[in-house]
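Chemist: Input: one structure, supplied below.
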Amino acid sequence: MSRVTLLTLQVLVAVVCLALWQLLSTVPVFGKILLPPFFFSNPVDVFAQIVKWFSSGVIWKHLGITLTESILAFVIGSAGGVLIGFWFARQPLVAAVFDPYVKMVNALPRVVLAPIFALWLGLGIWSKVALGVTLVFFIVFFNVYQGVKEVSRTVLDNGRMLGMSERQLMQHVYWPSALSWMFSSLHTSVGFAVVGAVVGEYLGSAAGLGYLIQQAEGIFDVAGVFAGMFVLSAFVILIDFGVTLVERRLLVWRPTVDGRG
Amino acid sequence: MTTPTAVALEDAKVAFRLGDGRVYTAVEKAHLTVAQGEFVAIVGPTGCGKSTLLNVAAGLLKPAAGSVRIFNQPLAGLNRDAGYLFQADALFPWKTALDNVAIGLEVRGTPRSEALPRAQKWLTSVGLGAFANRYPHMLSGGQRKRVALAQVLIRDPKILLMDEPFGPLDAQTRQVMGNLLLDLWNADRKAVLFVTHDLEEAIALADRVVIMSAGPSSRIIGDWRVSLPRPRDIFEVRLDKEFHALHREIWSVLKDEVMKGYAQSTQAAEAV
């Protein structure tokens, strides 16, 4: 299938869905509106809301807050995950001692921590960052741990025979291997950083996309809820695109899935 | 005047503790010396512990009994005089071919600005001058072996340990690599310990061919001198009469061991 056909079909799906939504929410079928506007709003109103946000400029402040929280959560969570992951992988005893606790904390649905963080850190950005960190940390931690553990025996022996000291093995073998595992989960961890931020905002805040959605919901402004959702997905897609670019630069040495490089 | 001994395994015994507590003896009592400038090939059936012996010479494994001497010094820890060419891919996948070769020098503190041009020279001498910026996954199996060879040789080790280095390659590529190895070796004649299961390859390359019995508890059961003239060409040498005579002679001994090794491996498979 050519690119143009594919793109046309993709756009067509959106057009059909939006058209159906618009029709069913405004034109009665057998004397009944199938998608009552109170619950479903309609695409025109949602679009109008989005335009209003952007033209008045209110949205930028909220986007900025959510972005800041996501970035902070990602950076802090990744740094912690890399450090602890490395430490555990190189010190099997420490890993064995902490293993049940790591599993326990990881098994906990992170949302329940939100009230605690709100209590401890207030309603500002840090309670959201903390929530994001608990999500990002474990993804990065497990991947780095795995990356250090699964360094090829032969590559390691080769490093030793080439005369590498422990420090040089760290720099030239363990570190790149751990990073490659971490980057392979980059999409997931960045996604979770955003999830942490938005969920945190939704549960209690004064700014951000989650706050915007929560406010709209509070006054039964369904158009506002949908508008918030659309802006949020566009926001995540943009970030994901950025991650793909970074990944392409950093992982040039990795074979692509089809093995042809 | 006798040439100094580069590697000496004196009654080396190698044993592993298995998971269930039993002890598995891979090599019973191996006595083997490699003189300076000598190319020695170890041939044996699958699972006879020839790679194990090589790891002992490299210092990656400690013998359970006996001793290892490198240039008459007892070996403690890793063998710092040796370069090791592995059977499996051992290049750093996150480094380009050039960086993979240069790392051998950088590790010992050579500045990068000096290491890179020398690495480029080595890549050229293994025929990969134009592939400096490729990552290992973009190279063929044979090309990766060439990079690995350059990576080892750039450090100018006094001893070369090679563990079926051309094993994973196809027959033609193996011969081309064999000739490349001989050309490079001819330049400064390092001591080489070359492990292979291919008797023809062993005779074509080496000064001495050592045969090991089928494992476990394998021993060295034969030692032949190969007096074919050097420099040799792998393609040509196989047509030589002397080559054939030697091959027949060694094979008559090796054949029984190969059959034993094969029988043992099938029994083991049935037991599982």
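The values are calculated or read from the model by the stated rules, or taken from the named source; none is laboratory data. Because the structure is predicted, anything quoted here is derived from the model rather than measured. In this analysis, Cβ positions are derived from the backbone assuming ideal geometry, glycine residues included, and neighbour counts consider all displayed protein chains.
Chemist: Of all helices (runs of 4 or more DSSP H) completely enclosed by the stretch A:147-261, which ones contain at least 2 residues that are modelled with pLDDT of 90 or more and surrounded by fewer than 21 Cβ atoms within 10 Å (Cβ to Cβ)?
Modeler: A:153-161, A:166-169, A:186-203, A:209-218, A:222-250
Let's see how each residue does on (1) touching a Ser or Thr at 6+ places or on another chain (Cβ under 9 Å); (2) modelled with pLDDT under 90; (3) within 24 Å of B:E200 (Cα to Cα); (4) away from every other protein chain (no Cβ under 14 Å):
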| site | (1), (2), (3), (4) |
| --- | --- |
| B:R17 | no, yes, no, yes |
| B:A26 | yes, yes, no, yes |
| B:A30 | yes, yes, yes, yes |
| B:L105 | no, no, no, no |
| B:E114 | no, no, no, yes |
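Chemist: Hey, another quick one. Among B:E242, B:E249, B:E257, which is the only one that is more than 29 Å from B:S140 (Cβ to Cβ), surrounded by fewer than 18 Cβ atoms within 10 Å (Cβ to Cβ), touching a Ser or Thr at 6+ places or on another chain (Cβ under 9 Å) and not aromatic (F, W, Y)? Don't jump to the end; show me each part of the working.
Modeler: Working: B:E249 fails: touching a Ser or Thr at 6+ places or on another chain (Cβ under 9 Å); B:E257 fails: surrounded by fewer than 18 Cβ atoms within 10 Å (Cβ to Cβ).
Every option except B:E242 fails the conditions.
Chemist: So if I check each of A:N158, A:N143, which one is among the polar types (S, T, N, Q) and more than 14 Å from chain B (Cβ to nearest Cβ)?
Modeler: Answer to the check: A:N143.
Chemist: Report whether or not A:W21 is surrounded by 13 or more Cβ atoms within 10 Å (Cβ to Cβ) and touching a Leu at 6+ places or on another chain (Cβ under 9 Å).
Modeler: yes
Chemist: What number of residues in the stretch B:122-162 are within 13 Å of the chain's Cα centre (by Cα), more than 10 Å from chain A (Cβ to nearest Cβ) and under 16 Å from A:V155 (Cα atoms)?
Modeler: 3
Chemist: Something else about it: For B:L91, which of the numbered conditions (1) in a loop (DSSP other than H, G, I, E, B); (2) more than 10 Å from chain A (Cβ to nearest Cβ); (3) touching a residue at least 60 places away in the same chain (Cβ under 8 Å) fails to hold?
Modeler: Condition not satisfied by B:L91: (2).
Chemist: Moving to a separate point now. Quick check on this structure: which one of B:V40, B:V34, B:V56, B:V7 is surrounded by 19 or more Cβ atoms within 10 Å (Cβ to Cβ), closer than 24 Å to B:L149 by Cβ and in contact with a Lys or Arg (Cβ under 6 Å, 6 or more places away or on another chain)?
Modeler: Of B:V40, B:V34, B:V56, B:V7, the one residue that is surrounded by 19 or more Cβ atoms within 10 Å (Cβ to Cβ), closer than 24 Å to B:L149 by Cβ and in contact with a Lys or Arg (Cβ under 6 Å, 6 or more places away or on another chain) is B:V40.
Chemist: For B:G261, all conditions in the list (1) in a helix (DSSP H, G or I); (2) modelled with pLDDT of 90 or more hold save one; what is the number of the exception?
Modeler: Checking B:G261 against (1) in a helix (DSSP H, G or I); (2) modelled with pLDDT of 90 or more, the one that fails is (2).
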